[in-house]
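What follows is a single structure, written as structure tokens, with notes after it.
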Amino acid sequence: MNAPIVEDVDVVVVGGGPGGSTVATLLAKSGHRVVQLEKETFPRYQIGESLLPSTIHGVCRLLGVDQKIKDAGFMHKRGGSFRWGKNPVPWNFLFAISPEFAGEGSYAYQVERMKFDNILLENSAECGVDVRQNCRVNGTEQDEAGRVVGVRYLDVDRGEHHVRAKYVVDASGNTTRLSKYAGGERIYSDFFQNVAVFGYFEGGKRLPAPDSGNILCAAFDEGWMWYIPLSDTLTSVGAVISKEKAEHVLNAQEETLNHYIDRCTIVKDMLGDATRVTEGTYGEIRIRKDYSYANTRFWGNGIVLVGDAACFIDPVFSTGVHLATYSGVLAARSINSVLSGAMAEERAFDEFEGRYRREYAVFYEFLSAFYDMEQSEDSYFWKARKVTNFDRTDLAAFVSLVAGGYSGEDVLTDPEKIVEKFSASTKALTEATEKTGGMDTDSGQRMGHMFSAPVVRDVMEEMNAFQARGASGDGAIEPPLLDGGLVPSDDGLAWAEPATVDA
């Protein structure tokens, strides 16, 4: 057998999805040597087609793929449509109602993930990342202290490679085998123990224009269904039901999906003239089980977890790609800060974990209450405004919450000024390189618990601070989100102590 190929880089990113491509791109843009390993060949299938404005107009702008995403022709999503709670008539919300995403940012996309993810991975390579597909990671390299200092993988020809690195980023998804090396364990939600069964249909109806691109979420007596228009004719349809009610799913996927479509009147009507896709990428009925969880540690021992490798929450508000890309930004900031010598590891990565965990937690808390089907939509809106303490309408507070912009991160809501600063720092880096050559189950308890939870209250107070900061004009500095925490650097790609950030 040939000896393994051994090489040294700054960072290895395992996984070619949105989280992996985000962190890899931002690290490469900062001048680091990055290898990104993907076990499959892109484009490949992935669930999670409905995106949030914070991803499209924030992270994608920072990555430099916003125009490519626009040119891809994805279905515009102006908001969401819900048949939820007591009201039998569907109700809508529009992203334009949110001050964070009004105007040109008042939409997102429904995307075919195999196309969207491929755009991000190709961009990763274009930005200097050494992207390697058909490469399956089969182990880690560890030093005498147990710190992960690289990975081992097999290439498409079964050749063995050892890549040593200062950090390993695990962006390999919910089936990860690497997350254990961070020193924690995966804890599944006691409340969101659900199963999703889903497929794809041609010829389904559309909601009336201009909301024809909206995601439709429709609750029924045993769960809820999603109805996502991916094109003028193709629709993703799935049922989310409790684990106890889905024991028979594994052996009868199609029968189960059809059964729940029949139980959900509005979706059944939308699919009245539709036919299920039975061939090609979208021809399979798929299942996802136990998909709400969080690891007890998001980083440690030289490894950093992003996206589904770290946590995932029930998909009713389409937060999967949002959490993946946002965590990629946070991870890149921490790695950049440590590799530059500007900050100690624990200081930088505690900020990463603190921000990432609170982003997950606030969605978890709100969703726990949203699953109380006995409320009217006005109640959901009112409760959102109550926890935000916004001086705005109930509906506007609700939209701000679910559009992905409440964290107050300029990188998610106002990326333009960050991109300008980033472009300047990139130019300086290029010039330098040329010179050198180189939860409770009772609905009432859940509702009360949600609005008394400190994480929800604190995050919403930060939204108020963000709004006040925006009103004060350019040049204002983002305050720390965490007590005693850090702030983003001017270019958004590292951390800085609050007192050291230039106004």
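When the residues of segment 183-197 are narrowed to those that are open to solvent by less than 30 Å² (accessible area, probe 1.4 Å) and within 20 Å of the chain's Cα centre (by Cα), which ends up farthest from Val240 (Cα to Cα)? Here the answer is Ser189.
Matching residues to (1) assigned to a strand (DSSP E or B); (2) modelled with pLDDT under 90; (3) out of contact with any Cys (no Cβ under 6 Å at 6 or more places or on another chain):
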site: Gln67; (1), (2), (3): no, no, yes
site: Lys70; (1), (2), (3): no, no, yes
site: Gly73; (1), (2), (3): no, no, yes
site: His76; (1), (2), (3): yes, no, yes
site: Phe82; (1), (2), (3): yes, yes, no
site: Pro88; (1), (2), (3): no, yes, yes
site: Asn92; (1), (2), (3): yes, yes, yes
site: Ala96; (1), (2), (3): no, yes, yes
site: Glu100; (1), (2), (3): no, yes, yes
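Within segment 45-70, residues that are over 12 Å from Leu120 (Cα atoms) sit with their Cβ atoms under 7 Å from residues that are among the acidic types (Asp, Glu) and buried (at least 24 other Cβ atoms within 10 Å of the Cβ), at 6+ positions apart or across chains, in these pairs: Gln46/Asp117. Out of Val237, Val277, Val306, one residue alone is at pLDDT 95 or above, within 22 Å of the chain's Cα centre (by Cα) and more than 30 Å from Val163 (Cβ to Cβ). It is Val237. Does Ile228 fit the bill of being closer than 19 Å to Pro90 by Cβ, touching an Asp or Glu at 6+ places or on another chain (Cβ under 8 Å), crowded, with 17+ Cβ neighbours inside 10 Å and among the aliphatic types (A, V, I, L, M)? Considered against the rule, which asks whether it is closer than 19 Å to Pro90 by Cβ, touching an Asp or Glu at 6+ places or on another chain (Cβ under 8 Å), crowded, with 17+ Cβ neighbours inside 10 Å and among the aliphatic types (A, V, I, L, M), Ile228 comes out as yes.
Per the listing Tyr360, Tyr282, the residue uniquely touching a strand residue (DSSP E or B) at 6+ places or on another chain (Cβ under 7 Å) and outside any helix (DSSP H, G or I) is Tyr282. One residue alone among Val169, Val195, Val156 is aliphatic (A, V, I, L, M) and outside any strand (DSSP E or B), and that residue is Val156. Of all the residues in segment 69-98, those that are open to solvent by 10 Å² or more (accessible area, probe 1.4 Å) and farther than 26 Å from Tyr371 by Cα number 7. For segment 17-49, a tally of residues being open to solvent by less than 10 Å² (accessible area, probe 1.4 Å) and either basic (Lys, Arg) or farther than 17 Å from Val329 by Cβ (or both) returns 3.
Restricting attention to segment 153-179, and to residues there that are of a type outside the set (Gly, Ala, Ser) and over 25 Å from Asp117 (Cβ atoms), which single residue is most open to solvent (accessible area, probe 1.4 Å)? Looking at the filtered set, the residue picked out is Arg158.
The values are calculated or read from the model by the stated rules, or taken from the named source; none is laboratory data. Being a predicted model, the structure only gives us computed values, none of them experimental. Positions of Cβ are generated from backbone atoms using ideal geometry, with glycine treated the same way; all protein chains shown enter the neighbour counts. Only protein heavy atoms, including side chains, enter the accessible area calculation; ligands, DNA and RNA are left aside. Shrake-Rupley method; radii C 1.70, N 1.55, O 1.52, S 1.80 Å.
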